[in-house]
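A.B. asks: Here it is: the structure, laid out below.
What follows is calculated from the coordinates using simple rules that are stated; it is not laboratory data. What you see is a predicted model, and the numbers here were worked out from it, not measured in a lab. Note that each Cβ is placed from the backbone with ideal geometry, even for glycine, and that neighbours are counted across all protein chains shown.
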């Protein structure tokens, strides 16, 4: 029997999680992300006044993408770009997103009246052949090493980035699997998302190809270890929706 456990990335959990290869110094992941000014923090309040926190990616001077589950039922939110705050004037979640089906159409686009004015923004990935491609993953989530429990993860609000491989495509998502050194698909900067990375970006060939949605732990009687997988909303599936909802000042 295979049991799949879902972990919403902006919440804490007792499930096993982790973000980085224990053989790679954390400073290298921070350095790898140092040039990604368009990977930003998003925070705000829900309608019940509880706080939320996640990641997002800027796509032009006024618009950004994040995960729909991060901003669902929010009352207010802001974007932090290089320590400067931008109030979000409008957020539109994909109409097919449902809170009880995380991983399906989990994408939202937001707008700031005040321009971000950074040097460059990522292009959107248009191809539909993402499988087996090496990707770059980034975000402001909790930090820890593979195999640690999420209760041991640290939350220091630092941007990190690393690499992985698109192992498969399921529904609207690109799937990456946590691998260890010695496995065929292990990359030199192996990285997985954790709490707080929701809404952050996945890049293929320097183009925005995915938005972090959900982390899953697969427990199987035929495998000695739990298998950790991450799902990223597939940009190529939602290109038309993004362009139709991009606000132009």
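A.B. asks: Given springs between every Cα pair under 10 Å in a Gaussian network model of the chain, which of 143, 23, 63 has the largest fluctuation?
C.D. replies: Taking springs between Cα atoms under 10 Å, the residue moving most is 23.
A.B. asks: Hey, what number do you get for the chain at 222 nm if only DSSP H runs of n ≥ 4 count, each worth -39500 (n - 2.57), divided across all residues, to the nearest 500?
C.D. replies: Values: 3 runs with 18 residues, N = 249.
About -1500 deg cm²/dmol.
A.B. asks: If Rh is defined by the Kirkwood formula over all Cα pairs and Rg also comes from Cα, what ratio Rg/Rh do you get for the chain? Provide the component values of the computation, followed by the final result.
C.D. replies: Values: Rg = 16.7 Å, Rh = 17.8 Å.
On the Cα set of the chain, Rg over Rh gives 0.94.
A.B. asks: Something else: Using r as the Cβ-Cβ distance of residue 50 and residue 184, and R0 as 45 Å, what FRET efficiency do you calculate, to the nearest 0.05?
C.D. replies: In this case the efficiency is close to 0.55.
A.B. asks: Right, another one. Counting pairs of alpha carbon atoms under 8 Å apart in space and at least six apart in sequence, what relative contact order in percent does segment 44-87 give?
C.D. replies: Relative contact order here is 39 percent.
A.B. asks: Can you pull the one-decimal nm distance between simple spin-label points at residue 60 and residue 206, each 7 Å off the Cα toward Cβ?
C.D. replies: 2.1 nm
A.B. asks: A further question on this structure: Determine the relative contact order of the chain: mean sequence separation of Cα pairs under 8 Å and six or more apart, normalised by residue count, in whole percent.
C.D. replies: 28 percent
A.B. asks: Just 37, 167, 127 to compare: in a GNM of the chain, with alpha carbon springs under 10 Å, which one fluctuates most?
C.D. replies: In the Gaussian network model the winner is 127.
A.B. asks: How high is the relative contact order of segment 12-137, in percent, with contacts defined as C-alpha pairs under 8 Å that are six or more residues apart?
C.D. replies: Contact order relative to length: 22 percent.
A.B. asks: Let me ask another. Tell me, in nm to one decimal, what length is gained between residue 168 and residue 98 on full extension, where the rule is 0.36 nm per residue of separation less the Cα-Cα distance?
C.D. replies: Extending this stretch completely gives an extra 22.9 nm.
A.B. asks: Top mean-square fluctuation among 183, 31, 131, Gaussian network model of the chain, C-alpha springs under 10 Å?
C.D. replies: Judging by the Gaussian network model, the answer is 183.
A.B. asks: Suppose R0 equals 51 Å; then what is the FRET efficiency for residue 129 and residue 90 from their Cβ-Cβ distance, rounded to the nearest 0.05?
C.D. replies: In this case the efficiency is close to 0.95.
A.B. asks: So between residue 120 and residue 23, what do we pick up on full extension, going 0.36 nm a residue minus the alpha carbon distance?
C.D. replies: The residue 120-residue 23 span can extend by a further 31.7 nm.
A.B. asks: Among 51-59, 98-106, how do they line up from the highest to the lowest mean number of other beta-carbon atoms within 10 Å?
C.D. replies: The most tightly packed comes first, giving 51-59, 98-106.
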